[in-house]
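Values in this text are rule-based calculations from the coordinates and carry no lab data. Nothing here was measured: the structure is a model prediction, and the numbers come from that model. Here the Cβ positions follow ideal geometry from the backbone for every residue, glycine too, while neighbour counts run over all protein chains shown.
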Amino acid sequence: MNILRTIICVIGTRPEAIKMVPVIRALEASTWARCVVVATAQHREMLDQMLQRFNVVVDYDLNLMQANQGLNQLLACMLPELDNIIKKEKPYALIAQGDTTTVFGSALAAFNAQIPFGHVEAGLRTYNLKHPFPEEGYRQMISKIAHWNFAPTELAANTLIKEGVLKEKVFVTGNTCIDTLLMAVNQLPPVNKTQEKIIVLTVHRREIFGQPLENVFKTILKILEDFKNVKVIYPVHPNPHVKNLAHSLLVHPRIILKDPLNYFDFVDLLRQADLILTDSGGIQEEAPALGKPVFVIRETTERPEPISAGRAKLVGTNEDYIYHQVSSLLLNEDLYREMAKPYFPYGNGDAAKKIISILQAELEV
Ligand code: UD1
Ligand code: UDP
């Protein structure tokens, strides 16, 4: 008799839904696993937007999001809830992706219950605990207690091995974001490019709140003043620290502030963009695959591959520096062509398939 093994997939925020969808789909299609989806709902509206668009059925919804939530409060509410689900479902494994409070909470809950934890997107590092905060610390702690570390690249895998993670626990799989991206691109109509230059902007990281974010917004206004053929499209993250400042400072006829877009509309927007300014992790992975130059509004990044390959630049939050970088690219067609060559350091869209095979292989030993 074929006994189905229960695998719990935990998701909390928008990017986790985007990157876990291929894993959930692959588990659902398997003949050996029963997939149980837990949504902590660390994000509410942005998570629901993704779950609905991808038709993900949630088995347990913890509904944890609070306005302006604190990290400890969120974690403290999450742990007993996850523990109860683990006791009830008695899973073979727990799987989560990335570096959010939800992922750290899931790894810790699994560890305490002695259930193997699978970490999707393992081995990313800046080695600066303040950039990004708290994500870098969460990642480092998760790697110590994960049973399977699914690294997107050889570099990430080697990082883990250098830190002392056993080789047998490290697997290079690619990043599931490419699985989702290629699926979306295959469903979208051909790109409808207009004459004007489009800059897509997204920002949300905690370390940018306040003055650094003001600097970025002022730079955007200066760019628009000097480049009359440029339009900025900015889907604003609902975090009050970001949303309030964006709506008060970014008032300009060529800035379009939008609510968060569903994934397919956002990928379509990226395809129409000329360049992207972002502090997002996922967009640093998607933009090179779509052949879009990306300026990373951060002091450091755990995704060095596109920068080393000349497809992305780290521009920080200094007004003059961002202005110089953006204007140089807008004015220099040769530089633009070099940065706009598609680049795939994060795999070719089969990461979820590899992850599921690794989980299954261990069952058969
Ligand atoms: C979180 C993650 C970050 C990830 C990002 C993806 C942590 C510590 N941070 O950051 O790593 O890159 O998600 O976007 O895990 N809010 C809403 N509706 C939503 C989502 C958020 O109103 O759908 C507001 C709420 O007031 C919430 C606040 O944004 O309290 C912050 O949400 P939170 O998940 O704590 O932080 P993010 O900045 O979204
Ligand atoms: N994204 C989206 N709609 C938007 C903005 C972003 O679907 O309006 C997607 C984007 O394609 C990427 C992910 O959300 O896959 C990135 O999320 P975010 O920047 O919030 O988080 P991070 O990747 O930094 O953790």
Original post:
Restricting attention to segment 66-73, does a residue exist that is more than 16 Å from ligand 2 (Cβ to nearest atom), touching a residue at least 40 places away in the same chain (Cβ under 8 Å), surrounded by fewer than 21 Cβ atoms within 10 Å (Cβ to Cβ) and not in a strand (DSSP E or B)?
Top reply: yes
Original post:
Can you name the number of the only condition in (1) buried (at least 18 other Cβ atoms within 10 Å of the Cβ); (2) in a helix (DSSP H, G or I) that Pro260 fails?
Top reply: (2)
**OP:** Just name the residue that is farthest from Val267 (Cα to Cα) out of those in segment 171-187 that are crowded, with 22+ Cβ neighbours inside 10 Å and either β-branched (Val, Ile, Thr) or away from ligand 1 (no atom under 16 Å from the Cβ) (or both).
**Re:** Thr173
**OP:** Inspect segment 48-63 for any residue being of a type in the set (Asp, Glu) and within 16 Å of ligand 2 (Cβ to nearest atom) and give the result as yes or no.
**Re:** yes
Subject >> Every residue from segment 1-57 that is under 21 Å from Asn175 (Cβ atoms), small (Gly, Ala, Ser), within 16 Å of ligand 1 (Cβ to nearest atom) and assigned to a loop (DSSP other than H, G, I, E, B) >> reply: Gly12
Subject >> Wholly enclosed strands (runs of 3 or more DSSP E) of segment 98-176 bearing at least 2 residues of a type in the set (Val, Ile, Thr) and under 17 Å from Leu359 (Cβ atoms) >> reply: 170-172
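Residue-wise test of (1) closer than 30 Å to Gln52 by Cα; (2) β-branched (Val, Ile, Thr); (3) more than 19 Å from the chain's Cα centre (by Cα).
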{"position": "Lys292", "(1), (2), (3)": "yes, no, no"}
{"position": "Glu299", "(1), (2), (3)": "no, no, no"}
{"position": "Ala312", "(1), (2), (3)": "no, no, no"}
{"position": "Thr317", "(1), (2), (3)": "no, yes, yes"}
{"position": "Ser328", "(1), (2), (3)": "no, no, yes"}
{"position": "Glu338", "(1), (2), (3)": "no, no, yes"}
**OP:** Would you point out the residue of segment 277-305, among those that are part of a strand (DSSP E or B) and in contact (Cβ under 8 Å) with a residue 60 or more places away in the chain, that is farthest from Tyr263 (Cα to Cα)?
**Re:** Leu277
Subject >> Positions within segment 142-160 being surrounded by fewer than 16 Cβ atoms within 10 Å (Cβ to Cβ) and not charged (D, E, K, R), in sequence order >> reply: Ile145, Asn158
